[in-house]
1. Out of K44, K66, K58, which single residue is touching an Asp or Glu at 6+ places or on another chain (Cβ under 9 Å) and either at negative phi or not β-branched (V, I, T) (or both)?
2. Among the listed residues A147, A133, A157, which satisfies the condition of being touching a residue at least 12 places away in the same chain (Cβ under 8 Å), assigned to a helix (DSSP H, G or I) and of a type in the set (G, A, S)?
3. So, in segment 39-60, how many residues would count as being acidic (D, E) and closer than 19 Å to T145 by Cα?
4. β-branched (V, I, T), under 17 Å from A133 (Cβ atoms) and either out of contact with any Ser or Thr (no Cβ under 9 Å at 6 or more places or on another chain) or part of a loop (DSSP other than H, G, I, E, B) (or both): is that true of I64 in this structure?
5. Yes or no: segment 18-30 includes at least one residue that is in a helix (DSSP H, G or I), in contact with a Phe, Trp or Tyr (Cβ under 6 Å, 6 or more places away or on another chain), at pLDDT 90 or above and surrounded by 13 or more Cβ atoms within 10 Å (Cβ to Cβ).
6. Look at segment 130-179 and say how many of its residues are basic (K, R), modelled with pLDDT of 95 or more and open to solvent by 30 Å² or more (accessible area, probe 1.4 Å).
7. Can you tell me which residue among K101, K182, K187, K94 is open to solvent by 60 Å² or more (accessible area, probe 1.4 Å) and either modelled with pLDDT under 90 or on the phi > 0 side of the Ramachandran plot (or both)?
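The values are calculated or read from the model by the stated rules, or taken from the named source; none is laboratory data. Treat the numbers as computed from the prediction; the structure is a model and nothing was measured. FYI the Cβ positions are ideal-geometry reconstructions off the backbone, even for glycines, and counts take in every protein chain you see. Ligands, DNA and RNA are excluded from the accessible area calculation, which covers all protein heavy atoms including side chains. Shrake-Rupley method; radii C 1.70, N 1.55, O 1.52, S 1.80 Å.
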Amino acid sequence: HVLVTTIQLAQVYSSIALDGAVYKPQIIKKMEAPADPDWVFEEKTFDPILLRNLSEDKEEDYFIDKKHFKVVKQGLHRVVNGRKGTAKKARFKKPFSVAGKTGTAQVRRFSADQIYKPCEKRSKKEKHHGWFAGYGSVEGVPQLTIAVLTEHSCKSAHAVPIARDVFEAYFKKYHNLRVEEKDAKPKS
């Protein structure tokens with residue numbers, strides 16, 4: 001069994017995108033506007049906190065050569081941009097790019113006679129979770145990492161459009177994505 005939270009998954013994909021740099025996750029717990037109608041939203045930024053760099057920290061047991069990150073990133077890119085990728089719906093045209101991985105997480109063990117029962121025919125509490133985790137880049141520079149978990153959805157196909165919407169909103173707001181740049185044709 002592998003137990004991982006959604007934020008841990010996002011942190012892993014961020015580290016892949018950044019060739020081994022591991023940053024401390026920062027979570028906004030709550031945002032609310034005061035009742036004052038003249039209130040103006042103040043943007044607050046947080047400085048990144050580097051915990052370690054897996055591709056440079058040779059004294060630790062956690063060293064990973066950058067050439068391995070390159071191979072993993074090529075595979076993640078194909079999941080979204082390849083002809084047979086399982087996350088094709090998260091694809092964008094250049095200079096925007098998304099790379100990631102889909103997955104299905106079984107919520108409990110099943111007996112031999114139950115393991116092949118279709119997920120959709122299970123009770124809600126027995127249905128698998130779907131997920132997508134990945135990162136978006138502009139001109140090859142990683143910009144945003146996200147992980148989406150759709151509880152009891154049976155498939156990752158439900159998580160991919162949510163991830164795509166988040167990437168699209170980010171690319172529109174910070175990098176002037178235009179509608180015609182949204183959908184790209186798959187590459188081999």
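1. Exactly one residue qualifies, and that residue is K66.
2. Sole residue among the options that is touching a residue at least 12 places away in the same chain (Cβ under 8 Å), assigned to a helix (DSSP H, G or I) and of a type in the set (G, A, S): A157.
3. Within segment 39-60, residues that are acidic (D, E) and closer than 19 Å to T145 by Cα number 1.
4. For I64, the condition - β-branched (V, I, T), under 17 Å from A133 (Cβ atoms) and either out of contact with any Ser or Thr (no Cβ under 9 Å at 6 or more places or on another chain) or part of a loop (DSSP other than H, G, I, E, B) (or both) - is not met.
5. Scanning segment 18-30 turns up no residue that is in a helix (DSSP H, G or I), in contact with a Phe, Trp or Tyr (Cβ under 6 Å, 6 or more places away or on another chain), at pLDDT 90 or above and surrounded by 13 or more Cβ atoms within 10 Å (Cβ to Cβ).
6. Total meeting the criteria: 0.
7. K187 is the lone residue from the list that is open to solvent by 60 Å² or more (accessible area, probe 1.4 Å) and either modelled with pLDDT under 90 or on the phi > 0 side of the Ramachandran plot (or both).
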